[in-house]
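Report on the following structure.
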Amino acid sequence: MAELTALESLIEMGFPRGRAEKALALTGNQGIEAAMDWLMEHEDDPDVDEPLETPLGHILGREPTSSEQGGLEGSGSAAGEGKPVLSEEERQEQTKRMLELVAQKQREREEREEREALERERQRRRQGQELSAARQRLQEDEMRRAAEERRREKAEELAARQRVREKIERDKAERAKKYGGSVGAQPPPPAPEPGPVPSSPSQEPPTKREYDQCRIQVRLPDGTSLTQTFRAREQLAAVRLYVELHRGEEPGGGQDPVQLLSGFPRRAFSEADMERPLQELGLVPSAVLIVAKKCPS
């Protein structure tokens, strides 16, 4: 029996005839090993069983010309004469070697795919770690920016309060200079002082009513109260500023300006009153004020 051809060997090993012919044709008939490499490499291709678009000679079924037929017959006879005859055992041995070669190729392919899968997994983990680190850096940057923004806003708020306090101090200094320079023109401030009104001689000593301080209790609309000590010559605007800074946030949005009222007698202080000292408004040495929301003009 003659030695099996490459095509027969591939078919004997279990490859479909169409695939075997296609593998031999695309590898240029370089032998079984090259064809097996191609088959192992492309066994999962969706078009592996589709025939070639352009048939290649008699390998894929083209009818040879008369000259090719003659040459093929001559070469075939010559090859047939030169081929050794194999026994059934030799043929089985050859098939066994081919199957071992196929198994080896399959193992090599599986090992290669396993290495590639491990490499892909390492790359995936590395990319995941890099993404996690980048996300953490982004969160830290956002937290740092938020902290800086809060510090900036607080500094601006403190600066604004400081400017208001400085303005109040300047106004007080100017008013003190004005009243101190013309004492004769300043009898009204001592006049409203309620100290000397009682005829009782026991209250005569407090006639030195030059109170330096004034204790003001402010009742807020929510029922709570604020108590603070002010200098007697401070303007009523200082009390309003203190209330606006300490009354807390009101539900529903921004803070409205406040209107200060006296309890007894009932009196609503105007914007002009805000520029007047506490002692001039009769709020010394102590007084209770009520805070109401200021109606928009």
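The values are calculated or read from the model by the stated rules, or taken from the named source; none is laboratory data. Keep in mind that this is a model prediction, so the values were computed, not measured. Here the Cβ is made from the backbone with ideal geometry for all residues, glycine too, and neighbour counts use every protein chain on show. For accessibility, only protein heavy atoms count, side chains too; no ligands or nucleic acids. Shrake-Rupley method; radii C 1.70, N 1.55, O 1.52, S 1.80 Å.
General remarks:
- When residues of the range 283-297 are limited to those that are small (Gly, Ala, Ser) and open to solvent by less than 40 Å² (accessible area, probe 1.4 Å), the one modelled with the highest pLDDT: Ala287
- Of the residues making up the range 81-106, those that are loosely packed, with under 10 Cβ neighbours inside 10 Å and either closer than 29 Å to Asp44 by Cα or modelled with pLDDT under 80 (or both) are Glu81, Gly82, Pro84, Val85, Ser87, Glu88.
- Any chance Glu114 is closer than 30 Å to Ala237 by Cβ and either open to solvent by 90 Å² or more (accessible area, probe 1.4 Å) or in the same structural domain as Ala237 (by the TED database) (or both): no
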